Amino acid sequence: MLTKDVPKKLFLLDAYALIYRAYFAFINNPRINSRGLNTSAIFGFTNTLLEVLNKEKPTHLAVVFDLSGPTHRHIEFEAYKAHREEMPDDLRKAIPHIYKLLEGFNIPALSFEGFEADDVIGSLAMQAEKKGFTTYMMTPDKDYGQLVDENTFIYKPARLGNGAEILGVKEICEKWQIKNVSQLIDVLGLMGDTADNIPGIPGVGEKTAI
């Protein structure tokens, strides 16, 4: 149980963003165990999790997963993520082991039908702020920038020898040359997102959108 003197520090991990990142980090030299299972994603995700637990020492932590079914975005825009390739089969086989890993750590694995992980993380971050938490959304996804405020941050995990990066209101506004983080919604809408198959405005890239 926490005492009143301990600041409440919540980490919300974007599961598949971190899992894919770990898997492709070893794509040229995959980690294969004696049973032929590709453990790259398990290994990389575990290292990321241990780094957070040991270095950041959160008082609360959860890992949020996307589900395979359609979301409200698919209903509104049929072509949403339509060009995404299927998850590699060897990565798919690793996912149950990551769930078991979280169970062993006694870390909640959260997901909600019809919503993506970023929807859930954003909602939890807003609820947590009202209860006095400082929240760190752990993800490399730029879309989370619109959720940042004085008590909610993006925590970009370490990569290629660089340390973890914490992005608050100041960093997001400087990166996108905007005056407040809510303007990031307009920037991203104008430029679109090829990763999600969102077209944006024809001929408008990042520079013009800004």
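The values are calculated or read from the model by the stated rules, or taken from the named source; none is laboratory data. Being a predicted model, the structure only gives us computed values, none of them experimental. Here the Cβ is made from the backbone with ideal geometry for all residues, glycine too, and neighbour counts use every protein chain on show. Just so you know, the surface numbers come from the protein's heavy atoms only, side chains and all, with ligands and any DNA or RNA stripped out. Shrake-Rupley method; radii C 1.70, N 1.55, O 1.52, S 1.80 Å.
Table: residues versus (1) assigned to a helix (DSSP H, G or I); (2) farther than 17 Å from residue 159 by Cβ; (3) in contact with a His (Cβ under 9 Å, 6 or more places away or on another chain).
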| position | (1), (2), (3) |
| --- | --- |
| 6 | no, yes, no |
| 16 | yes, no, no |
| 20 | yes, no, no |
| 30 | no, yes, no |
| 35 | no, yes, no |
| 45 | yes, no, no |
| 50 | yes, no, no |
| 53 | yes, yes, no |
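Among the residues of the stretch 144-157, count how many are open to solvent by 30 Å² or more (accessible area, probe 1.4 Å) and closer than 22 Å to residue 49 by Cβ.
Filtering the stretch 144-157 for residues open to solvent by 30 Å² or more (accessible area, probe 1.4 Å) gives 146-147, 149-151, 153, 156.
From what is left, the residues that are closer than 22 Å to residue 49 by Cβ are 147, 153, 156.
Of the residues in the stretch 144-157, 3 are open to solvent by 30 Å² or more (accessible area, probe 1.4 Å) and closer than 22 Å to residue 49 by Cβ.
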Can you find even one residue in the stretch 74-89 that is over 13 Å from the mean Cα position of the chain (by Cα), at pLDDT 90 or above and surrounded by fewer than 17 Cβ atoms within 10 Å (Cβ to Cβ)?
yes
Looking for something open to solvent by less than 60 Å² (accessible area, probe 1.4 Å), touching a residue at least 60 places away in the same chain (Cβ under 8 Å) and touching a Pro at 6+ places or on another chain (Cβ under 7 Å) - is there at least one such residue anywhere in the stretch 186-198?
no
Does residue 175 qualify as being free of Cβ contacts under 8 Å to residues at least 12 places away in the same chain and either more than 22 Å from residue 53 (Cβ to Cβ) or among the aliphatic types (A, V, I, L, M) (or both)?
no
Qualifying positions in the stretch 172-194 - in a helix (DSSP H, G or I) and over 20 Å from residue 148 (Cβ atoms):
194
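Look through 124, 102, 91 and report the one residue that is touching a residue at least 60 places away in the same chain (Cβ under 8 Å) and either within 17 Å of residue 60 (Cβ to Cβ) or of a type in the set (Lys, Arg) (or both). Quick ask: steps written out before the conclusion?
Numbers: 102 fails: touching a residue at least 60 places away in the same chain (Cβ under 8 Å); 91 fails: either within 17 Å of residue 60 (Cβ to Cβ) or of a type in the set (Lys, Arg) (or both).
Exactly one of 124, 102, 91 is touching a residue at least 60 places away in the same chain (Cβ under 8 Å) and either within 17 Å of residue 60 (Cβ to Cβ) or of a type in the set (Lys, Arg) (or both), namely 124.
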Top-ranked residue in the stretch 93-119 [being at pLDDT below 95 and assigned to a helix (DSSP H, G or I); ranked as least open to solvent (accessible area, probe 1.4 Å)]:
117
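Please specify each residue of the stretch 111-142 satisfying the condition of being closer than 12 Å to residue 155 by Cβ and of a type in the set (A, V, I, L, M, F, W, C). Let's see the steps before the verdict.
Taking the stretch 111-142 as the starting set, the residues that turn out to be closer than 12 Å to residue 155 by Cβ are 121, 125, 134-141.
The answer is 121, 125, 137, 138.
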Is it the case that residue 175 is surrounded by fewer than 16 Cβ atoms within 10 Å (Cβ to Cβ) and more than 22 Å from residue 155 (Cβ to Cβ)?
no
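Please go through the stretch 128-171 and pick out each residue that is in a loop (DSSP other than H, G, I, E, B), of a type in the set (A, V, I, L, M, F, W, C) and on the phi < 0 side of the Ramachandran plot.
Answer for the stretch 128-171, where residues must be in a loop (DSSP other than H, G, I, E, B), of a type in the set (A, V, I, L, M, F, W, C) and on the phi < 0 side of the Ramachandran plot: 133, 148, 158, 164.
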